[in-house]
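Data first, discussion second: the structure below is written as structure tokens.
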Amino acid sequence: LRVGWIQGDQALLKQIADCGQLDSSGGLNPVSFGIVQKAIDLGLQDKHLDSVRETLWKRYETLEKALEEYLPEGTTFEKPQGGYFVLVRLPEGQVAADLLAEATENHKIGFLPGTSFGEKMKNFFRLSFSYYD
């Protein structure tokens with residue numbers, strides 16, 4: 001389930017609230033929000049979040065070991081403090097996008113090249129460890 005919220009300037013929030021979507025369907029996604037609210041009411045949220053954190057941490061540890069073993073010398077990355085991405089920095093002069101086809105076709109590894117975030121990040125790539133198996 002995916003639910004969220006919106007924050008913003010009061011004038012913008014009023015326009016969103018007044019657009020009719022909330023009145024005509026009971027919300028942006030009343031079924032998902034209802035399920036999530038019931039899970040919270042039953043006290044299931046903390047248990048679920050603990051399980052998700054444990055799963056993601058194990059996935060990160062597996063990824064960390066592989067990065068340390070297989071990436072070239074001079075490559076760096078930081079242990080995430082949350083979320084499910086690792087930003088990897090290749091040695092200067094290497095272009096992450098040039099490695100994408102090789103990684104995908106021959107190693108079944110996908111990543112987002114750093115140029116997706118800015119031109120100065122050519123030697124970066126972002127890996128996710130959130131894939132749900």
Residue list for segment 1-15, filter: within 20 Å of VAL31 (Cβ to Cβ) and at pLDDT 80 or above: VAL3, ILE6
Residue pairs, Cβ under 8 Å, 6 or more apart or interchain, first in segment 67-78 and over 18 Å from GLU92 (Cβ atoms), second among the charged types (D, E, K, R) and open to solvent by 50 Å² or more (accessible area, probe 1.4 Å). List them. none
So which residues in segment 110-133 are open to solvent by 40 Å² or more (accessible area, probe 1.4 Å), of a type in the set (A, V, I, L, M, F, W, C) and closer than 27 Å to THR55 by Cβ? LEU112, PHE117
May I ask you to say which residue of PHE33, PHE77 is at pLDDT 95 or above and open to solvent by 50 Å² or more (accessible area, probe 1.4 Å)? PHE77
Pick from ARG59, ARG53: which is basic (Lys, Arg) and in contact (Cβ under 8 Å) with a residue 12 or more places away in the chain? ARG59
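The values are calculated or read from the model by the stated rules, or taken from the named source; none is laboratory data. Predicted model only: the values in this text are computed from it and were never measured. Don't worry about glycine lacking a Cβ; one is built from the backbone with ideal geometry, like all the others, and counts go over all protein chains shown. For the accessible areas, the whole protein counts, side chains as well, though only heavy atoms, and no ligand, DNA or RNA atoms are used. Shrake-Rupley method; radii C 1.70, N 1.55, O 1.52, S 1.80 Å.
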